[in-house]
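Report on the structure given below.
The values are calculated or read from the model by the stated rules, or taken from the named source; none is laboratory data. None of the values given here were measured: they were computed from a predicted structure. All Cβ positions, even for glycine, are placed from backbone atoms using ideal geometry, and neighbour counts span all protein chains on display.
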Amino acid sequence: MKVNFYTSKREYSEKKNEFDSAISSIVQKGNFILGEEVSRFEEDIQAYTGAKYAIGVASGSDGLIIASDILGFSNGKEVITSPFTFLASTSCITKHGGKPIFVDIDEDTFGIDVKKIEEKVNPNTVGIIPIHLFDQMVDMDRVMDIANRNNLRVLEDAAEAFGMRWKGNGTQYNHSGTIGDFGVYSFFPTKTLGGYGDGGMIVTNNEELAKLVKYYRVHGASKKYHYDYIGYNSRLDTIQAAVLSVKLKYIDNAIKKRAEIAKLYKERLSDCEGIRLPIVKGNQKQVYYVFNILVENRDGLAEYLKKNEVGYSIYYPMPLHEQKCFEYLGYKKGDFPVAEKVAEKILALPIYPEITVDEVDYVCETIKKFYKK
Ligand SMILES: Cc1ncc(COP(=O)(O)O)c(C=O)c1O
């Protein structure tokens, strides 16, 4: 048996007619740039997430850069975030000269350790970027409390967090991305809501901020060929919006399927000694975008999975404070021991709505065989 870490082919063949007609209608109309499908999809995202405003951009990475630019994460100002993430969560701060201040992660959730944020706040701090990673949101009660008391802006990196909702001590669930000043989703193909190429969305409840994003995504133009700001060329592609609209219709079912697969993994692997299964903290509705295990001899297991044609991924093999591009920040190995330890042990198993029970069984049997050797 061969198990793909991810494939878009099964979903496509199940809903081929819908995807084909969504794509061909754009090609026939020729409304490739900011066509009506983009605004319709933005309205659908507002309805689904509860955000007042949703603005489609070319990728999650661009969304983070645009939001950071607007929030003034620039010119030596400090922004607190975690080093255990994808590059774009931090490069958005440095793009305009802002200074990332890393805080280690919680060893259970792999998100920023909220207990350690406040000690890093000083008069030069302007913001916090909580990253809702893999399968759950960061404690947004704590983040917003610190931000409000210290007058900081909050940019939620919700690239991986579509569908996740936080309640905490509040009275209702709030969708990821809608709690801070800005939230950013990625529609990279593997994501819970993934397109057939790059795509992203910025959400906010603030009218003024939303207006700025709309300008910034078209070079800073307040109207055609009138530039109030120096912005970007970063629009959600109309074909992607059409594809994503099809997928959004089925998103609740897709999230449910992911939860069922996660449950299978937990059942099958619970008796396998030495494997740490996911731990979710806080009052929230989580989504299994990624199913991670922590294991001994991770690289040995990875090799064995590869040999047995089981797809896997390692998010993330090297925390950002150890990356060459951030050497100038002056961090060194040992500064964030939890992130460093997790980076050595973490391994993501295949999880997507169309994976079969037989495939999950094969993945688990292969892992068990490795540890019995
Ligand atoms: C945590 C995180 N932030 C940002 C991004 C960037 O999103 P994109 O790939 O759409 O640029 C990703 C995903 O790729 C991500 O996982």
Scan the range 156-203 residue by residue and report those that are of a type in the set (Ser, Thr, Tyr), surrounded by fewer than 24 Cβ atoms within 10 Å (Cβ to Cβ) and touching a Ser or Thr at 6+ places or on another chain (Cβ under 8 Å).
Thr178, Tyr196
Could you please find all residues in the range 248-304 being part of a helix (DSSP H, G or I), closer than 17 Å to Phe370 by Cα and free of Cβ contacts under 8 Å to residues at least 12 places away in the same chain?
Asp299, Glu303
Residue list for the range 235-271, filter: touching a strand residue (DSSP E or B) at 6+ places or on another chain (Cβ under 6 Å) and over 30 Å from Lys16 (Cβ atoms):
Leu269
Hey, among the residues in the range 113-133 that are β-branched (Val, Ile, Thr) and within 12 Å of the ligand (Cβ to nearest atom), which one's farthest from Gln284 (Cα to Cα)?
Ile129
Quick check, is Asp141 of a type in the set (Asp, Glu) and farther than 24 Å from Glu340 by Cα?
yes
Might you check whether a residue that is within 22 Å of Asp104 (Cβ to Cβ), touching a Ser or Thr at 6+ places or on another chain (Cβ under 9 Å), in the same structural domain as Thr81 (by TED's automatic domain parsing) and within 16 Å of the ligand (Cβ to nearest atom) occurs anywhere in the range 143-155?
yes
Being more than 22 Å from Pro350 (Cβ to Cβ), within 16 Å of the ligand (Cβ to nearest atom) and in contact with a Gly (Cβ under 8 Å, 6 or more places away or on another chain): is that true of Gly183 here?
yes
Quick one: which residue in Gly98, Gly35 is crowded, with 18+ Cβ neighbours inside 10 Å and modelled with pLDDT under 95?
Gly35
From Ala67, Ala47, grab the single residue that is under 23 Å from Val213 (Cβ atoms), surrounded by 15 or more Cβ atoms within 10 Å (Cβ to Cβ) and not assigned by TED's automatic domain parsing to the domain that holds Cys325.
Ala67
Hey, among Ala161, Ala67, which residue is within 15 Å of the ligand (Cβ to nearest atom), of a type outside the set (Val, Ile, Thr), in a helix (DSSP H, G or I) and within 27 Å of Ile251 (Cα to Cα)?
Ala67
